[in-house]
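Worksheet for the structure shown next.
The values are calculated or read from the model by the stated rules, or taken from the named source; none is laboratory data. Keep in mind that what you see is a predicted model, and the values were worked out from it rather than measured. Glycine also receives a Cβ, built like all others from the backbone with ideal geometry; neighbour counts cover every protein chain displayed. Ligands, DNA and RNA are excluded from the accessible area calculation, which covers all protein heavy atoms including side chains. Shrake-Rupley method; radii C 1.70, N 1.55, O 1.52, S 1.80 Å.
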Amino acid sequence: MNFDWSVLISAFPDLMQGLQVTLLIALSGLAGGIVFGVVAGVALEYGGRISNALAHVYVALIRGTPIVVQVMFIFFALPLIAGIRISSIDAAIITIIINSGAYNAEIIRGALNSVPIGIQEAGLAMGLSFPAVLAHIIAPLAFRRSLPAMGNQLVNVVKDTSIFIVIGVGELTRRGQEVMAENFRSVEIWSEVAAIYFLVISAFALGLRLLERRVRLP
């Protein structure tokens, strides 16, 4: 079988439309996941008994179930329970937010825990309140230390968007499948899909590497 380069050119516009959906889901989910992760991570490290227990249950539940089961529950079961209709893209974004939030929570907890207790005590000794110490002293240090792990999570989020083919989301993998069903050129199409994923993830990884160098602790 000869590799037909013209197939790559003709399929490119359709795959770019799929990539737009992939990036929309990934970036929206990542932003929401960071918010969930920060709230749950702070609760795990500094929360009271109730908030700490709730955060532990949330993290354990999400990390203990496959993401494909989570999106199936949100897309098919939740509308029956709550009586609301959820679009496939909304279900994908909600799933990514909840899923990445649980993993981000452990990343944030570990980063907060890595900050020496003496720094916290020094801030309190200067007369700062604990929220002020957390916001202005601990959080900036924890942010720098969490960047490598957060970068890995971003990569995982981009790749996890391909799972949403199961609920019909028109992301990159779904678009590749549709184009391949029309021209039956599986080698060319899946090679192009893989190359697009690789280039996008490499660009994100490079950007995060530059950010790490810029904010690296001495």
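Would you check if there is a residue in segment 25-32 being touching a Ser or Thr at 6+ places or on another chain (Cβ under 8 Å) and open to solvent by 60 Å² or more (accessible area, probe 1.4 Å)? No - not one qualifying residue is present in segment 25-32. The number of residues in segment 43-59 being of a type outside the set (Ser, Thr, Tyr) and within 17 Å of Ser100 (Cβ to Cβ) comes to 4. Residues in segment 17-65 that are in contact (Cβ under 8 Å) with a residue 24 or more places away in the chain, of a type outside the set (A, V, I, L, M, F, W, C) and under 30 Å from Gln177 (Cα atoms): Gln17, Gly18, Thr22, Ser28, Gly29, Gly32, Gly33, Arg63.
Do we find a residue being touching a residue at least 24 places away in the same chain (Cβ under 8 Å), open to solvent by 30 Å² or more (accessible area, probe 1.4 Å), closer than 30 Å to Ile9 by Cβ and in a helix (DSSP H, G or I) anywhere in segment 130-148? Within segment 130-148 (the criterion being touching a residue at least 24 places away in the same chain (Cβ under 8 Å), open to solvent by 30 Å² or more (accessible area, probe 1.4 Å), closer than 30 Å to Ile9 by Cβ and in a helix (DSSP H, G or I)), the answer is no, since none of the residues qualifies. From the residues in segment 149-195 that are among the charged types (D, E, K, R) and part of a helix (DSSP H, G or I), which one is nearest to Ile96 (Cα to Cα)? Taking the candidates together, the pick is Asp160.
Report yes if some residue within segment 179-200 is out of contact with any Leu (no Cβ under 7 Å at 6 or more places or on another chain) and under 17 Å from Pro148 (Cβ atoms); otherwise report no. Among the residues of segment 179-200, not one is out of contact with any Leu (no Cβ under 7 Å at 6 or more places or on another chain) and under 17 Å from Pro148 (Cβ atoms), which makes the answer no. Among the numbered criteria (1) in a helix (DSSP H, G or I); (2) open to solvent by 20 Å² or more (accessible area, probe 1.4 Å), which one does Ala11 miss? Only one criterion is unmet by Ala11, namely (2).
Filter segment 169-187 down to the residues that are more than 19 Å from Asn2 (Cα to Cα) and open to solvent by 50 Å² or more (accessible area, probe 1.4 Å) and list them by number. Listed by number, the residues that qualify are Arg174, Arg175, Gln177, Glu178. Of all residues in segment 77-112, exactly one satisfies the criterion of being β-branched (Val, Ile, Thr), free of Cβ contacts under 8 Å to residues at least 12 places away in the same chain and closer than 28 Å to Leu44 by Cβ, namely Ile81. Please determine, by comparing only the residues of segment 111-129 that are of a type outside the set (Gly, Ala, Ser), open to solvent by less than 50 Å² (accessible area, probe 1.4 Å) and part of a helix (DSSP H, G or I), which one is nearest to Arg214 (Cα to Cα). The extreme case among them is Leu112.
Only one residue in Ala53, Ala43 is open to solvent by less than 40 Å² (accessible area, probe 1.4 Å) and not acidic (Asp, Glu), so which one is that? Of the residues listed, the single one that is open to solvent by less than 40 Å² (accessible area, probe 1.4 Å) and not acidic (Asp, Glu) is Ala43.
Does Val68 qualify as being under 18 Å from Arg175 (Cβ atoms), in contact (Cβ under 8 Å) with a residue 60 or more places away in the chain and either of a type outside the set (Asp, Glu) or outside any helix (DSSP H, G or I) (or both)? The answer is no for Val68. Whether any residue in segment 149-164 is touching an Asp or Glu at 6+ places or on another chain (Cβ under 7 Å) and of a type in the set (A, V, I, L, M) is what I want to check. No, that holds for no residue.
Check segment 84-97 and report whether any residue there is touching a Lys or Arg at 6+ places or on another chain (Cβ under 9 Å) and open to solvent by less than 20 Å² (accessible area, probe 1.4 Å). No; the residues of segment 84-97 include none that is touching a Lys or Arg at 6+ places or on another chain (Cβ under 9 Å) and open to solvent by less than 20 Å² (accessible area, probe 1.4 Å).
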